[in-house]
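Working notes, beginning with the structure itself.
The values are calculated or read from the model by the stated rules, or taken from the named source; none is laboratory data. If you're wondering where the values come from, they're calculated on a predicted model, not measured in any experiment. Every residue, glycine as well, gets a Cβ built from its backbone with ideal geometry; the counts of neighbours run over all protein chains shown. Keep in mind that these areas ignore ligands, DNA and RNA; they rest on the heavy atoms of the full protein, side chains included. Shrake-Rupley method; radii C 1.70, N 1.55, O 1.52, S 1.80 Å.
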Amino acid sequence: MKINPFQMERWQSTWENRVQFNLSESGVHPMTPLELLELAGADPQQLLGQRLVYNQSNGTDELRELIAGIYPGATLDNVLVSNGGSEANYVTTWKLLEPDDIVVMQAPNYMQMWGQGENFAREVRPFRLLEERNWAPDLDELRDAVDDQVRLIIVTNPNNPTGAILTEQEMEEIVAIAARHGAWLIADEIYAGAELDGRRTPSFWGRYDRLIITSGLSKAYGLPGLRLGWAVGPADFIADLWSYKDYTSISPGTLSDLCARIALQPETRQRIYQRTRSILNENLAPLEEWLAERSDIFIYVAPRAGAICYTRYDLDVGSSQLALRLKDEQSVLIVPGDHFQMDGYVRIGYGVPGPELLEALARIETVVRSLVS
Ligand SMILES: Cc1ncc(COP(=O)(O)O)c(C=O)c1O
């Protein structure tokens with residue numbers, strides 16, 4: 001089976017650990033295990049003494065219970081733990097899609113499931129977020145795109161790369177359109193908890209029966225290296241989904257399951273969100289100042305969640321070329337709009353420590369100046 005390359009992920013995988021300044025990441029500066037344990041008031045021996053067995057392969061019962069606790073009415077039977085949100089997305093699309101199927105996906109978006117739609121199904125149709133409406137969804141386009149042939153609708157809420165959040169009415173309308181045609185809905189909610197104003201994004205959970213939520217600890221929790229994610233859905237669907245995971249990675253890492261159980265204790269979870277929110281609010285201000293000083297070049301809608309700012313630019317250079325120059329000349333990694341099928345935009349991550357962000361912006365400045373002079 002031939003697959004389409006996942007451009008952004010390959011770009012990041014190749015360079016993010018090789019550049020000096022990684023502004024390609026969409027989550028906040030990751031924690032160390034020690035920081036996590038300190039935040040939780042947990043004993044390091046708990047981690048060091050953990051025997052490295054094959055874990056319960058759909059996630060330990062305790063972890064699945066903690067995850068279920070985030071979604072009112074869910075029980076551990078509604079939860080499958082995965083290696084990162086990306087594995088949850090992968091197995092869910094793998095299970096749902098057949099070669100004749102049509103997928104409708106919010107755009108711009110994290111392009112994993114767009115790629116999966118192209119790999120597994122017949123067609124992927126976009127429904128767009130409109131910049132001129134602060135990245136609100138074009139629901140007319142969604143209505144037009146969805147017919148009885150559509151098997152699956154996909155949204156990421158809060159959205160990557162825009163950091164936009166759907167309103168309750170928009171969510172209800174998306175569900176109503178899916179229900180009218182019996183389509184499945186996947187809501188990737190991995191940025192929930194990373195809102196700048198601290199107001200938790202409402203979940204799609206509980207609004208529809210043909211619904212899968214995917215999420216994980218990589219973004220709002222600052223724990224991407226745990227590779228810990230989940231899918232939440234109807235119990236019979238989740239039971240089936242588990243057998244797909246038998247073919248991918250078997251179980252989550254034993255230490256990851258344990259760290260996730262520590263991170264998801266209700267009090268610790270709130271402390272982690274607080275840490276995330278502080279980083280977001282401390283760093284967005286200097287980034288916005290920098291962008292405001294260059295408002296003749298950069299036009300953007302302020303993000304509401306996630307450590308990412310998606311901005312249009314007025315420079316005579318393609319986004320991939322711009323990103324390449326920044327990497328090669330300044331050792332700064334950003335994500336070109338091309339990776340979201342939107343040239344003329346860049347995604348700048350601002351979750352890194354403040355001094356790093358300032359230095360990286362100064363380096364971006366050098367390249368920008370060379371392009372305007
Ligand atoms: C919307 C979205 N879902 C999933 C992922 C991947 O998550 P993970 O690192 O937990 O596999 C990302 C990563 O950028 C993302 O933006």
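For the range 97-143, the set of residues classified as basic (Lys, Arg) and in contact with a strand residue (DSSP E or B) (Cβ under 7 Å, 6 or more places away or on another chain) consists of ARG122, ARG125, ARG128, listed by residue number.
Can you find even one residue in the range 172-186 that is within 30 Å of LEU264 (Cα to Cα), within 12 Å of the ligand (Cβ to nearest atom), open to solvent by 10 Å² or more (accessible area, probe 1.4 Å) and not polar (S, T, N, Q)?
There is no residue in the range 172-186 that is within 30 Å of LEU264 (Cα to Cα), within 12 Å of the ligand (Cβ to nearest atom), open to solvent by 10 Å² or more (accessible area, probe 1.4 Å) and not polar (S, T, N, Q).
Residues that are in a helix (DSSP H, G or I) and either under 18 Å from the mean Cα position of the chain (by Cα) or free of Cβ contacts under 8 Å to residues at least 40 places away in the same chain (or both) within the range 66-84 comprise ILE67, LEU76, GLY84, listed in sequence order.
Between LEU315, LEU326, the distinction of being under 23 Å from ARG18 (Cβ atoms) and either under 24 Å from the mean Cα position of the chain (by Cα) or outside the structural domain of PRO202 (by TED's automatic domain parsing) (or both) belongs to LEU326 only.
Residue check: ILE272 meets all listed conditions (1) buried (at least 23 other Cβ atoms within 10 Å of the Cβ); (2) more than 20 Å from GLY216 (Cα to Cα) but one, namely (2). Annotation: of all residues in the range 195-207 being in contact with a Pro (Cβ under 8 Å, 6 or more places away or on another chain) and not polar (S, T, N, Q), the one that is farthest from the ligand (Cβ to nearest atom) is GLY206. For the range 129-171, filtering for residues that are among the basic types (Lys, Arg) and surrounded by 14 or more Cβ atoms within 10 Å (Cβ to Cβ) leaves 2. Among the criteria (1) open to solvent by less than 10 Å² (accessible area, probe 1.4 Å); (2) under 26 Å from GLY163 (Cβ atoms), the one VAL124 does not fulfil is (1). Checked against (1) surrounded by 21 or more Cβ atoms within 10 Å (Cβ to Cβ); (2) within 16 Å of the ligand (Cβ to nearest atom); (3) assigned to a loop (DSSP other than H, G, I, E, B), LEU63 passes all but a single condition, namely (3). Is at least one residue of the range 41-55 open to solvent by 20 Å² or more (accessible area, probe 1.4 Å), within 16 Å of the ligand (Cβ to nearest atom), modelled with pLDDT of 95 or more and out of contact with any His (no Cβ under 9 Å at 6 or more places or on another chain)? No, every residue in the range 41-55 fails to be open to solvent by 20 Å² or more (accessible area, probe 1.4 Å), within 16 Å of the ligand (Cβ to nearest atom), modelled with pLDDT of 95 or more and out of contact with any His (no Cβ under 9 Å at 6 or more places or on another chain). For the condition modelled with pLDDT of 95 or more and touching an Asp or Glu at 6+ places or on another chain (Cβ under 9 Å), ILE153 does not qualify.
Among the helices (runs of 4 or more DSSP H) confined to the range 208-300, the ones with at least 3 residues that are assigned by TED's automatic domain parsing to the domain that holds TRP184, farther than 29 Å from GLU168 by Cβ and away from the ligand (no atom under 15 Å from the Cβ) are located at 235-245, 254-263. Taking (1) touching a helix residue (DSSP H, G or I) at 6+ places or on another chain (Cβ under 8 Å); (2) on the phi < 0 side of the Ramachandran plot; (3) within 14 Å of the ligand (Cβ to nearest atom) in turn, ILE308 satisfies each apart from (1).
Kindly establish whether ILE190 is crowded, with 24+ Cβ neighbours inside 10 Å, in the same structural domain as VAL155 (by TED's automatic domain parsing) and more than 10 Å from the ligand (Cβ to nearest atom). No.
For the range 85-107, the tally of residues that are open to solvent by less than 30 Å² (accessible area, probe 1.4 Å) and either within 11 Å of the ligand (Cβ to nearest atom) or in a helix (DSSP H, G or I) (or both) stands at 9.
Per the listing SER320, SER278, SER373, the residue uniquely over 23 Å from the mean Cα position of the chain (by Cα), among the polar types (S, T, N, Q) and open to solvent by 30 Å² or more (accessible area, probe 1.4 Å) is SER373.
Scanning the range 1-35 for residues that are open to solvent by 50 Å² or more (accessible area, probe 1.4 Å) and assigned to a helix (DSSP H, G or I) returns GLN7, GLU9, ARG10, SER13, TRP15, PRO33, LEU34, GLU35.
Is one or more of the residues making up the range 178-186 on the phi > 0 side of the Ramachandran plot and touching a Lys or Arg at 6+ places or on another chain (Cβ under 8 Å)?
Within the range 178-186, one or more residues are on the phi > 0 side of the Ramachandran plot and touching a Lys or Arg at 6+ places or on another chain (Cβ under 8 Å).
Filtering the range 319-359 to residues that are more than 28 Å from THR156 (Cα to Cα) and among the small types (Gly, Ala, Ser) leaves only SER331.
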